[in-house]
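Worksheet for the structure shown next.
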Amino acid sequence: MLKIQTLPLQGDCKEVLKTLDDNSIDLIVTSPPYADQRKSTYGGIHPDRYVEWFLPISAELKRVLKPTGTFILNIKERVQKGERHTYVLELILAMREQGWLWTEEFIWHKKNSYPGKWPNRFRDSWERLLQFNKQRKFNMYQEEVMVPIGDWANKRLKNLSTTDKVRDNSKVGSGFGKRVSNWVGRDKVYPTNVLHMATETGNKRHSAAFPKHLPEWFIKLFTQEGDWVLDPFMGSGTTNRVAQRLRRNSIGIEILPEYFERVKEEIKPVFEMQPAQSALLEEKANYATTESK
C-alpha cells in the first residue's frame, strides 16, 4: 500500500517557504499572479515592481529545490499603454543573476481561448512555461510524455528511398540532419515544447485555475512516484490534486484563507491506495488526457 502526503499550508509563500528544508523538493510547478491581474482576488502587483516582488520568492524556491529538481513558472506579459510590458523578460534576466539556469521555454497553446477584438492586436492564445534549474544535469523522464507518432508515418515510412536510409544533412549548412529510417517500427515519439491544451472550464471556484493536464504533464516529465511537488501559489489546489493522483507527495501554499480552507477540506492529507486502485486511476487519467486533445 502506497502512502502519499499532501500538505496544504496557509500564509504568504515568501515566509512559509522559509519553514521548508533545503534541497527537499523535486519539482516546483506554479502560476503566480500576473502583474496587475487577479486584482479582485490577490490585489495585483504593478508590472514595474514585479521583479522586485518575485525575487525574494525565487530565492527561497532555489533553496528548497533539489540540485536535480526543476522549476516550471507559468507566466505571461500583460499589455500596458498599448505595448507588452517587459517584466517577464526582466525577471528571466534577474533570476539568471540569482543563479538559476533558464533551461527551456515551453509554450502553452490555449485551444479554447475566448474570441475578442482589439484595435492593434489579436487575442492571446498562448502563455509561457519557463523552465529553470539549479544545474545542467537534472532529472527528466522523457519517455513518460511520449505521444503517438502520427498518421504521417504510414505513407512516409512505407517506401524509403536511398537518401532516407542515411543521414541527410541540411542543404543550408546548418549542421542539422535527419535519417528517416530511424522512425521505422516506432509507434510513439517525443513531443515538442508546444503544449496544446484547453483552459480550465470546469473549476468555477478560483479566478485563474490551472487546467489539470498542465501540471500533470510536467509532473510526469520531471518526477517519479514518491517525489515531492511544490506549488507556492496553490489556489484551488489543482497541482496538489494531480500530484496525489499520480502518487507524488506535494506541498501547496496559499495566502488566502478561503482557498486554503477549501483545499484542506477537499484533499486528504495522507492518501492510501491499493495497487489495483492506483492502476485504475492511472487508466482514467490517461483516457481523460487523450479525450482532451
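The values are calculated or read from the model by the stated rules, or taken from the named source; none is laboratory data. As the structure is a prediction and not an experimental result, all values here were calculated from the model. Cβ atoms come from the backbone with ideal geometry, glycine included; neighbour counts cover every protein chain shown.
Structure summary
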| quantity | calculated |
| --- | --- |
| Qualifying positions in the stretch 119-139 - buried (at least 17 other Cβ atoms within 10 Å of the Cβ) and either without any contact (Cβ under 8 Å) to a residue 12 or more places away in the chain or not in a strand (DSSP E or B) (or both) | Lys134, Phe138, Asn139 |
| Residues within the stretch 211-249 that are surrounded by 24 or more Cβ atoms within 10 Å (Cβ to Cβ) and under 17 Å from Gly11 (Cβ atoms), tallied | 7 |
| Lone unmet requirement of (1) more than 22 Å from the chain's Cα centre (by Cα); (2) at pLDDT below 85 for His46 | (2) |
| Residues located in the stretch 82-118, provided they are β-branched (Val, Ile, Thr) and in a strand (DSSP E or B) | Thr103, Ile107 |
| Criterion (outside any strand (DSSP E or B), modelled with pLDDT of 90 or more and not hydrophobic (A, V, I, L, M, F, W, C)) met by exactly one of Glu261, Glu291, Glu282 | Glu261 |
